[in-house]
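Nothing in this text is a laboratory measurement; each read-out follows from the coordinates by a stated rule. Source: prediction; values computed, not measured. Positions of Cβ are backbone-derived with ideal geometry, glycine not excepted, and every protein chain shown enters the neighbour counts.
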Amino acid sequence: LRRDIRYAADPANPADAPGRVLFSEVALGTVYDSGIGVGLVRGDITGAQLDELLESQWQTAADGTVTYRQVAVSGNVRYTYDLSKPVGDRIPPGAIRLGNRPLNPNAKIRIATLANNFFPKNAHPGFTALFEARNQDRSLYNGGDALWRYLEKESPLTPPPLNRATPTNER
């Protein structure tokens with residue numbers, strides 16, 4: 001998601017109510033603005049490649065500035081990071097957990113994301129860990145369809161925990 005999803009009622013819309021999120025509020029800026037309408041691809045990566053993918057959230061530009069593009073992780077993934085460390089070394093060994101277990105670098109992990117992130121021509125800069133994913137297949141849904149199905153299945157939604165990715169100084 002490229003922005004927070006607003007849940008305050010819009011007085012100009014009689015279908016809206018306090019705490020209700022309408023699909024149009026979710027879609028604008030996520031489905032239509034971000035290219036989420038592209039297909040979803042699944043593939044197998046190793047724990048080491050997941051670590052590489054999470055490290056790639058920080059990218060250093062030619063002028064030395066660092067940009068951050070957060071990866072949305074599943075509800076069972078948690079990790080800590082240290083912004084005082086250099087780019088590419090911000091997530092300490094053992095800091096990534098799947099469920100209650102530390103990430104095994106050799107473990108096979110199934111990942112799903114927008115198709116463009118699996119291909120060098122279209123991927124977000126630095127997201128190279130997915131290029132070698134094994135057993136890739138395309139989901140039946142594009143991003144908008146998947147979001148719609150998720151919202152239908154999980155309604156009413158509650159916000160996910162905010163402590164899935166935390167700086168080490170906030171532990």
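Rounded if a/c is under 1.5, else prolate if a/b is larger than b/c, else oblate: which is the range 33-96, with a ≥ b ≥ c the root eigenvalues of its Cα gyration tensor? Oblate shape, in that a/c is at least 1.5 and b/c is the bigger or equal ratio.
A Förster radius of 41 Å, combined with the Cβ-Cβ distance separating VAL87 from ALA17, puts the computed FRET efficiency at roughly 0.40.
Applying 1/(1 + (r/R0)^6) with r as the Cβ-Cβ distance of GLU154 and LYS121 and R0 = 35 angstrom yields a FRET efficiency of 0.60.
Dividing the summed helix terms, -39500 (n - 2.57) for each DSSP H run of n ≥ 4, by the number of residues in the chain produces a 222 nm estimate of -4000 deg cm²/dmol to the nearest 500.
Under the combined filter of DSSP loop state and at most 14 neighbouring Cβ atoms within 10 Å, the range 101-168 retains these trypsin sites (Lys or Arg not before Pro): LYS121.
Close amide H contacts of TYR81 (hydrogens built in the peptide plane, cut-off under 5 Å, sequence separation of 5 or more or a different chain): THR166, THR168. 3J(HN,Hα) along the range 92-109, derived from phi through the Karplus expression 6.51 cos²θ - 1.76 cosθ + 1.60 where θ = phi - 60°, amounts to x, x, x, 7, 9, 10, 10, x, 9, 10, x, 5, 8, x, 9, 5, 8, 10 Hz, with x in place of Gly and Pro.
Near ASP145: Cβ cut-off under 13 Å, other residues only, Lys/Arg at +1 and Asp/Glu at -1. The net charge is +2.
Proximity of backbone amide H atoms, modeled 1.01 Å from N, is registered between ALA9 and GLY19 at under 5 Å, excluding neighbours fewer than 5 places apart on the same chain.
Report the chymotrypsin sites (Phe, Trp or Tyr not before Pro) located in the range 128-171 that are in a DSSP loop and have at most 15 other Cβ atoms inside 10 Å of their Cβ, or state none. Each step should come with its number before you reach the end.
Numbers: sites: PHE131, TYR141, TRP148, TYR150; in loops: PHE131.
Hits after loop and neighbour filter: PHE131.
Does the range 109-152 come out rounded, prolate or oblate by the C-alpha gyration tensor, with a ≥ b ≥ c the root eigenvalues, rounded set by a/c under 1.5 and, if not, prolate when a/b is larger than b/c and oblate if not? Mind dumping the intermediate values first?
Working: a/c = 2.46, a/b = 1.76, b/c = 1.40.
Prolate is the answer for the range 109-152, as a/c is 1.5 or above and a/b outweighs b/c.
Distances between placed amide hydrogens fall under 5 Å for THR113 paired with VAL41, all partners being 5 or more residues away or on another chain. Principal-axis analysis of the Cα atoms of the chain puts helix 143-154 at an angle of about 70° to the longest axis.
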